[in-house]
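To start, the structure itself, in structure tokens.
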Amino acid sequence: MALKRVVVTGLGALTPIGNNLKDFWSGLIAGKSGSAPVTYFDTEKFKTKFACELKGFDPLEFLDRKQQRKMDRFTQYGMVSTDEAIIDSGIDLEKIDKLRVGVIWGSGIGGLETFQNEVLNYAQGDGTPRYNPFFIPKMIADITPGYISIKYGFMGPNYTTVSACASSANAMVDALNYIRLGHCDVIVTGGSESGINISGMAGFNAMHALSTRNDSPETASRPFDATRDGFVLGEGSGTLVLEEYEHAKARGAKIYAEFLGGGLSSDAHHITAPHPEGDGVKAVIKNCLKDSKINITDVDLINTHGTSTPLGDIAELKAIDTVFGNHAEKININSTKSMTGHLLGAAGAIEAISTILSLKEGIVPPTINHTNVDENINPKLNLTLNKAQERSSLIGMSNTFGFGGHNACVLFKKFS
């Protein structure tokens, strides 16, 4: 059975450096940092006092007050980026077969803030469980694709993948395969996350996962730098409209890129730490290349997972060095988390969008905040440090990894 071709026809982004696709891309190219002191709650007693929050975002510009009250922030974010992506795709909702349109979404932690607030309210009460009737549907990680399908009437596959920070990349791989196998014409995919809250910050601090560079939050996310000390928590949402090529062609759709393939693997090593030699990363990259039916020398760009953690960055670059050999030095490698922070389950979607736009626009966003060379990293690698680099590229890869050893890799080809 010949697999169908899959293309990207719509994009939407809501991020700490831009509340729409255009502003997000401009922020990336300018090397803009989204990190600043936390405004959502009092961080006086927290080890980390900063994060990459959304700036100037008001959900009531997109949702009515009744809708807003029923949704956790991670769902609000997903609705906003999806609306932008569907408009961007130019799909006529009256003409498509909605039975063949699905929504496959990713979120690592879902409505953590809703859970936190309801439990705190109960603890401060008289012991009577006066919980909000929307507590459960606001909290569950699968609710965002449910709301998206209800709004647009999409009746195809509808679910959420949960694989920690690999969640939205996992969702994209599933979506790719549903279309390739002929089960759907269109799938809305991506991910959203809103982990900047008391529980999220305190939990990651307890694991010593977050940077504590409180004196300079704007430079705290510094992937590959020798002085990196942990990731910076981010929030937001990214949406991609994937479409079967002939379906897109028949309606004269604008096409951003072709989605060539995806790979999945497990570290099978540790719940949070990567394998020191990057064995799971090697496996997922090889799986992605095999699925895409391309050679290692075809890859021009890699948007790494690059979280700015001491162990993770080295393990990933070791794996890239091993898999790509001498060709690794010819690849533009970057980490856009240096600007957006780590969007957890939404990271894969946002970084895939960055990769796609790099191919389309012929420019690679920088890895900012790099000042100190790490002797454990191959100095011949082009890490696209501190300044965007122009490059006419054909094929780009994006890596995403999650606690539990979950690895996902996606690969796109410039469309012409």
Identify, among SER81, SER35, LEU21, the residue whose Cα sits farthest towards the positive end of the charge dipole of the range 17-87, taking +1 on the Cβ of Lys and Arg and -1 on the Cβ of Asp and Glu, with the dipole about the Cα centre. SER35
By average C-beta atoms within 10 angstrom, highest first, the peptides 174-185, 59-70, 122-133, 347-358: 347-358, 174-185, 59-70, 122-133
Mind telling me which of LEU14, LEU54, LEU233 comes out most flexible in a GNM of the chain, alpha-carbon contacts under 10 Å? LEU54
Once you have the Cα-Cα distance between TYR40 and ASN378, take 0.36 nm times their residue separation minus that, and quote the gain in nm to one decimal. 117.7 nm
Can you tell me what share of the DSSP beta bridges in the chain is antiparallel? A percent to the nearest 5 is fine. 65 percent
Got a sec? Which residues in the range 17-50 would a label at THR212 touch, if it sits 7 Å along Cα→Cβ and we count backbone N under 15 Å? 44-50
Please find the FRET efficiency linking MET1 to PHE134, where r is the Cβ-Cβ separation and R0 is fixed at 51 Å, and quote it to the nearest 0.05. 0.70
In debye to the nearest 20, the charge dipole size for the chain, taken about the Cα centre with +1 at each Lys and Arg Cβ and -1 at each Asp and Glu Cβ, equals 540 debye
Students often get this wrong, so check it: of LYS22/LYS95; LYS286/LYS414; LYS254/LYS282; LYS66/LYS95; LYS4/LYS318; LYS4/LYS413, which have C-alpha atoms separated by over 23 Å? LYS22/LYS95; LYS254/LYS282; LYS66/LYS95; LYS4/LYS318
If I measure Cβ to Cβ between cysteines in the chain, which ones have no partner under 4.7 Å? CYS52, CYS165, CYS184
Among the lysines, which have Cα under 24 Å from the Cα of LYS45 when same-chain residues fewer than 8 positions away are ignored? LYS55
Among THR189, THR371, THR15, residue whose mean-square fluctuation peaks in a GNM of the chain (springs only between Cα atoms under 10 Å): THR371
Could you tell me which residue out of PRO133, GLY200, ILE285 lies farthest along the dipole of the chain toward its positive end? Charges go on the beta carbon: Lys and Arg +1, Asp and Glu -1, centred on the Cα centre. ILE285
Distance between the range 61-132 and the range 145-224 - C-alpha centres, whole angstrom: 13 Å
Full-extension gain between LYS387 and THR227, please, as 0.36 nm times their residue separation minus the C-alpha to C-alpha distance. 55.7 nm
Out of (1) -0.35, -0.59; (2) -0.29, -0.49; (3) -0.43, -0.69, which label holds the value of log10 I(q)/I(0) by the Debye sum over Cα atoms at q = 0.07, 0.09 Å⁻¹ that was computed here? (2)
Electrostatic dipole magnitude of the range 266-416 [Cβ: Lys, Arg +1; Asp, Glu -1; Cα centre; debye, to 20]: 440 debye
Rank-order 237-246, 145-154, 164-173 by packing density, defined as the average count of other C-beta atoms within 10 Å over each peptide's residues, highest first. 164-173, 237-246, 145-154
Using the Kyte-Doolittle scale, find the helices of the chain whose mean hydropathy is at least 0.0 and whose Cα atoms extend 15 Å or more along the helix's long axis, counting only whole DSSP H runs. 167-180, 310-324, 347-361
DSSP beta bridges in the range 261-416 [antiparallel fraction, %, rounded to 5]: 65 percent
Counting only helical runs of four or more DSSP H residues, what would the 222 nm mean residue ellipticity of the chain come to if each run contributes -39,500 (n - 2.57) and the total is spread over all its residues? -10000 deg cm²/dmol
Contour minus end-to-end for LYS95 and ILE255, with contour as 0.36 nm per residue of separation and end-to-end as the Cα-Cα distance? 55.7 nm
Using +1 on the beta carbon of Lys and Arg, -1 on that of Asp and Glu, and nothing else charged, what's the dipole of the range 13-84 about the Cα centre, debye to 20? 220 debye
Quick one: what does P(r) look like for the range 288-381 with 5 Å bins over all Cα pairs, in whole %? 2, 12, 22, 27, 22, 13, 3, 0
Straight-line reach from LYS98: which lysines have a Cα under 16 Å away, not including same-chain ones fewer than 8 places off? LYS151
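FYI, it's all coordinate maths here, none of it is from the lab. What you are looking at is a predicted structure, and each value in this text was computed from that prediction instead of being measured. Cβ: placed from backbone, ideal geometry, glycine included. Neighbour counts: every protein chain shown.
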